[in-house]
Amino acid sequence: MTDETRDNTELRDFERMLAEVFISGDDHRIGEVIEFDRALWNTLSELGLARLTGDESAGGSGAGWTEAALLLTAAGAAAAAVPVAENDLLAGWLLATAGLEASDGVRTAAVLDVDGEARFVPWARDVDSIVVLWQDRADAWRVADVPRARIELTEGVNLASEPRDHVHVDVAALSGAEVPASVAAEFRYRGALARTLSSVGAMDRILQLVVEHVTARVQFGRPLGKFQAVQALVADIAAESALARAAADAAVAAASANGFDSSATRFAIAVAASCTGHAAAVVARNAHQALGAIGFTMEHELHRHANRVLSWRSEFGTVSSWDAELLEAAVAAGDVWSAITE
């Protein structure tokens, strides 16, 4: 067995394990704030998935972005109410970069403004601490792990009713560890890639729900899937989802090969974020058209995924900001084709 075959076998085994850990859909109802799934989090922690990419010497599992991508897509498909990306790929990474110890507990991460504030911080109300990144008066960037009790918090939610809280931290009372200025930019790209991967998983689940519905639902004596107009809706969902997945896979491959300081990686992530953001609009719209009124009910699963992909595309950069970044890169390159194919 070659190393490549062994790696592929291990990844397939990992995917099968994730399928057993996550169950598609939750019991969330419209209008209610999604509660942190403590039981699922405990399971992830026991399996070494809560700190999947953390260094083994610091209690992590030592995996890379390839494994993280599988975890995030599975969590996205299941509408899992846990801060997988925030705890590992953002907070854990910040602590490791700053040389700070990561003790047990659930974390999220935030970039503070000059007033020590951050808006729409994921899962802030439910964590044990928030790893904050801020620029001090000496123009140096610092990282600190702040206990939840020392943070002023105003609760908020996104379109999907996921916790997105506003926080205030007294940075004057923090010392923190100094980190390179490039960490702030990498934080944004890491977050964007994580949200892209979760969105890909959610869109895969939406496509599955739509196919199941139009196959089983009979109208005018025929399954809905036999009508050409419905077929066009489903085909567009499948095409947009496939494009988003391909772009996300390319970004993961670039990050794994070149790291986040590479211009090629950042371009690939911008492409993935842009493609996924535009795809979210088509997927959500077409899915609701294909399912009709049932897709809007509290009992049906669709809204849980559709609202998430529409919310996630505005985190760590809006779709328009990623489009603008791609346009700037294309203009700077002078040759759009080479920028796409390199």
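With respect to residue 171, determine if the residue is among the aliphatic types (A, V, I, L, M), touching a residue at least 12 places away in the same chain (Cβ under 8 Å) and surrounded by 23 or more Cβ atoms within 10 Å (Cβ to Cβ). When the stated conditions are applied, residue 171 does not pass them.
May I ask you to list the residues in region 143-187 that are out of contact with any strand residue (DSSP E or B) (no Cβ under 8 Å at 6 or more places or on another chain) and part of a helix (DSSP H, G or I)? 149, 150, 172, 173, 182, 185, 186, listed by residue number.
Among the residues of region 280-295, is there at least one that is within 24 Å of residue 86 (Cα to Cα), without any contact (Cβ under 8 Å) to a residue 40 or more places away in the chain, not hydrophobic (A, V, I, L, M, F, W, C) and not in a loop (DSSP other than H, G, I, E, B)? No, region 280-295 contains no residue that is within 24 Å of residue 86 (Cα to Cα), without any contact (Cβ under 8 Å) to a residue 40 or more places away in the chain, not hydrophobic (A, V, I, L, M, F, W, C) and not in a loop (DSSP other than H, G, I, E, B). Might you check whether a residue that is modelled with pLDDT under 95, of a type in the set (Gly, Ala, Ser), surrounded by fewer than 23 Cβ atoms within 10 Å (Cβ to Cβ) and in contact with a strand residue (DSSP E or B) (Cβ under 8 Å, 6 or more places away or on another chain) occurs anywhere in region 53-70? No, the conditions are met nowhere in region 53-70. Could you check, for region 138-156, whether at least one of its residues is under 19 Å from the mean Cα position of the chain (by Cα) and either surrounded by fewer than 22 Cβ atoms within 10 Å (Cβ to Cβ) or under 22 Å from residue 46 (Cα atoms) (or both)? Scanning region 138-156 turns up at least one residue that is under 19 Å from the mean Cα position of the chain (by Cα) and either surrounded by fewer than 22 Cβ atoms within 10 Å (Cβ to Cβ) or under 22 Å from residue 46 (Cα atoms) (or both). No other residue among 247, 255, 272 is over 29 Å from residue 227 (Cα atoms), crowded, with 21+ Cβ neighbours inside 10 Å, in contact with a Phe, Trp or Tyr (Cβ under 7 Å, 6 or more places away or on another chain) and not β-branched (Val, Ile, Thr) apart from 255.
Screening residue 96 against (1) under 30 Å from residue 141 (Cα atoms); (2) modelled with pLDDT under 95 leaves a single unmet condition, (2). Close Cβ contacts (under 7 Å, 6 or more residues apart or on different chains) running from residues in region 312-339 that are open to solvent by 40 Å² or more (accessible area, probe 1.4 Å) to residues that are at pLDDT below 95 comprise 333/339; 336/330. When region 123-140 is limited to residues that are part of a loop (DSSP other than H, G, I, E, B) and at pLDDT 95 or above, the one that is farthest from residue 37 (Cα to Cα) turns out to be 128. Looking at 112, 207, 159, 133, just one residue is of a type in the set (A, V, I, L, M), in contact with a helix residue (DSSP H, G or I) (Cβ under 7 Å, 6 or more places away or on another chain), surrounded by fewer than 17 Cβ atoms within 10 Å (Cβ to Cβ) and in contact (Cβ under 8 Å) with a residue 24 or more places away in the chain, and that residue is 159. Which one is modelled with the highest pLDDT, of the residues in region 282-311 that are surrounded by fewer than 22 Cβ atoms within 10 Å (Cβ to Cβ) and β-branched (Val, Ile, Thr)? Residue satisfying both the conditions and the ranking: 282.
The values are calculated or read from the model by the stated rules, or taken from the named source; none is laboratory data. Just so you know, these numbers come straight off a predicted model, no measurement behind them. With ideal geometry, Cβ positions are generated from the backbone for all residues, glycine too; neighbour counts draw on all protein chains shown. Just so you know, the surface numbers come from the protein's heavy atoms only, side chains and all, with ligands and any DNA or RNA stripped out. Shrake-Rupley method; radii C 1.70, N 1.55, O 1.52, S 1.80 Å.
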